[in-house]
Amino acid sequence: MITTDPASNVDLRYAKIEGIDLPVSRIAFGCMSTVGSQTYPGLAEQQAIDTIRAAYDHGINFFDTARAYADGESEELLGKAIKDIRDKVVIASKPKPGDNSASEIVEECEHSLRSLGIDCIDLYQIHWPRRQTPMEETAAAMEKLIQQGKVKTIGVCNFGPQDLTEWLGFASCVTDQIAFNMLMRAGEFEVQPLCVEREVGILCYSPLAQGLLAGVYDQADDVPSGKARTRHFRGDRPEARHGEDGCEDLTFEAVYKIKSIAQRIDRPMGEVAISWLLHQPAITSVLVGASRPDQIARNVSAFDLELNDELLSELSAATDPVKQALGASIDMWSSPPRTR
């Protein structure tokens with residue numbers, strides 16, 4: 001369990017984000033799992049609230065949501081769940097991916113504030129880079145939200161090295177949220193080194209690769225189409241939006257190796273996957289979803305697992321072929337990538 005005193009920063013289980021007073025838990029709750037999408041079936045309102053509160057009870061104080069998650073429903077659920085503990089949690093959200101114009105950014109922020117039932121968002125993040133609007137305009141609008149007291153600090157999501165470098169020329173950026181897990185290590189090529197250099201934290205989403213790293217699926221054909229959209233799988237899959245061959249055999253060879261290592265050290269595979277991420281450079285927090293309160297305890301148990309250098313190297317070696325096959329694009333779904 002995460003220590004219940006975030007201010008103590010014990011065992012590096014909490015991290016500091018510039019501009020936010022409260023240290024954030026290095027395992028965060030990703031609220032996309034609370035509502036229906038291509039990936040998740042969604043939860044009944046009380047189940048979602050109970051799961052969020054279970055996360056808080058286990059020491060998670062960092063919650064990430066977005067307007068795009070069921071058109072604000074995720075924000076509304078989170079707002080209800082944390083209403084009486086607002087001063088004890090850190091809330092991150094994002095505008096819908098649109099044109100990122102100044103007017104849109106302001107409108108989206110106001111909508112999120114109403115949905116969440118709060119007067120200030122701790123971390124406001126651009127969801128995806130867009131090129132319809134000059135980045136300078138978008139950045140200025142985000143900085144203005146800080147000046148107006150509607151946002152404490154700003155970050156980005158899915159920004160590759162060029163996008164992130166350009167953004168940093170116009171505005172502050174405390175975090176870059178990207179898909180990052182043992183089967184999706186594209187960030188290691190360029191984004192992670194840049195984040196280390198520029199002191200930008202990385203927030204990792206999809207840490208369990210939509211169940212692959214939790215041992216949910218034994219073979220590629222077992223993965224439902226909504227989760228087989230990534231570039232790991234063939235481009236002719238029903239919901240895929242890339243034309244690549246995929247690397248299904250390499251992916252499941254890596255899964256089997258990771259599972260074998262987890263069995264050898266007698267720890268759950270998902271726990272090993274989360275712990276591996278927590279040991280990587282520049283990682284501020286790992287965003288883990290859950291659909292039931294009992295899943296929270298399994299997620300935070302990763303803090304009890306100390307992977308030594310030998311195990312970390314072995315796990316990395318097991319997934320190196322997938323890393324090389326997918327390359328440096330951090331866009332897990334599209335080819336050509338939406339980010340650069």
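The values are calculated or read from the model by the stated rules, or taken from the named source; none is laboratory data. Predicted model, so just to flag it, every value in this text is computed and none were measured. All Cβ positions, even for glycine, are placed from backbone atoms using ideal geometry, and neighbour counts span all protein chains on display. To get the accessible areas, we keep the full protein, side chains included, count just its heavy atoms, and leave off ligands, DNA and RNA. Shrake-Rupley method; radii C 1.70, N 1.55, O 1.52, S 1.80 Å.
Summary table below
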{"read-out": "Near pairs, Cβ below 8 angstrom, 6+ apart or cross-chain, from region 197-210 (touching a residue at least 40 places away in the same chain (Cβ under 8 Å)) to any residue that is assigned to a strand (DSSP E or B) and open to solvent by 40 Å² or more (accessible area, probe 1.4 Å)", "value": "none"}
{"read-out": "Any chance THR138 is at pLDDT 95 or above, of a type in the set (S, T, N, Q) and open to solvent by 40 Å² or more (accessible area, probe 1.4 Å)", "value": "no"}
{"read-out": "Selection status of SER275, among the small types (Gly, Ala, Ser), modelled with pLDDT of 95 or more and within 22 Å of the chain's Cα centre (by Cα)", "value": "yes"}
{"read-out": "Helices (runs of 4 or more DSSP H) lying entirely in region 239-335 (those with 1 or more residues that are without any contact (Cβ under 8 Å) to a residue 12 or more places away in the chain and surrounded by 21 or more Cβ atoms within 10 Å (Cβ to Cβ))", "value": "none"}
{"read-out": "Residue count, region 149-169 (criterion: on the phi > 0 side of the Ramachandran plot and either within 17 Å of the chain's Cα centre (by Cα) or surrounded by 24 or more Cβ atoms within 10 Å (Cβ to Cβ) (or both))", "value": "1"}
{"read-out": "Test for GLY211: is it assigned to a helix (DSSP H, G or I), open to solvent by less than 10 Å² (accessible area, probe 1.4 Å) and among the small types (Gly, Ala, Ser)", "value": "no"}
{"read-out": "Total residues in region 67-107, condition of a type in the set (A, V, I, L, M), under 19 Å from ILE146 (Cβ atoms) and within 16 Å of the chain's Cα centre (by Cα)", "value": "3"}
{"read-out": "Filter pass, SER172 being open to solvent by 10 Å² or more (accessible area, probe 1.4 Å), of a type in the set (Ser, Thr, Tyr) and under 26 Å from ARG13 (Cα atoms)", "value": "yes"}
{"read-out": "Every residue from region 35-72 that is open to solvent by less than 10 Å² (accessible area, probe 1.4 Å) and aromatic (Phe, Trp, Tyr)", "value": "PHE62, PHE63"}
{"read-out": "Residue tally, condition surrounded by fewer than 19 Cβ atoms within 10 Å (Cβ to Cβ) and in a loop (DSSP other than H, G, I, E, B), over region 104-118", "value": "1"}
{"read-out": "All positions within region 78-103 that are modelled with pLDDT under 95 and either within 20 Å of PRO41 (Cα to Cα) or surrounded by fewer than 16 Cβ atoms within 10 Å (Cβ to Cβ) (or both)", "value": "ASP99"}
{"read-out": "Hey, ARG298 charged (D, E, K, R) and under 28 Å from GLY155 (Cβ atoms) or not", "value": "yes"}
{"read-out": "Long-range neighbours under 7 Å by Cβ, at least six apart or interchain, first residue modelled with pLDDT under 90 within region 29-50, second assigned to a helix (DSSP H, G or I) and among the hydrophobic types (A, V, I, L, M, F, W, C)", "value": "THR34/ALA48; THR34/LEU77; TYR40/MET32"}
{"read-out": "Test: residue in region 224-238 that is in a loop (DSSP other than H, G, I, E, B), touching a His at 6+ places or on another chain (Cβ under 9 Å) and more than 30 Å from GLU314 (Cβ to Cβ)", "value": "yes"}
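Okay, residues lined up against (1) modelled with pLDDT under 95; (2) under 21 Å from the mean Cα position of the chain (by Cα):
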| residue | (1), (2) |
| --- | --- |
| ALA209 | no, yes |
| LEU212 | no, yes |
| GLY243 | yes, no |
| LEU250 | no, no |
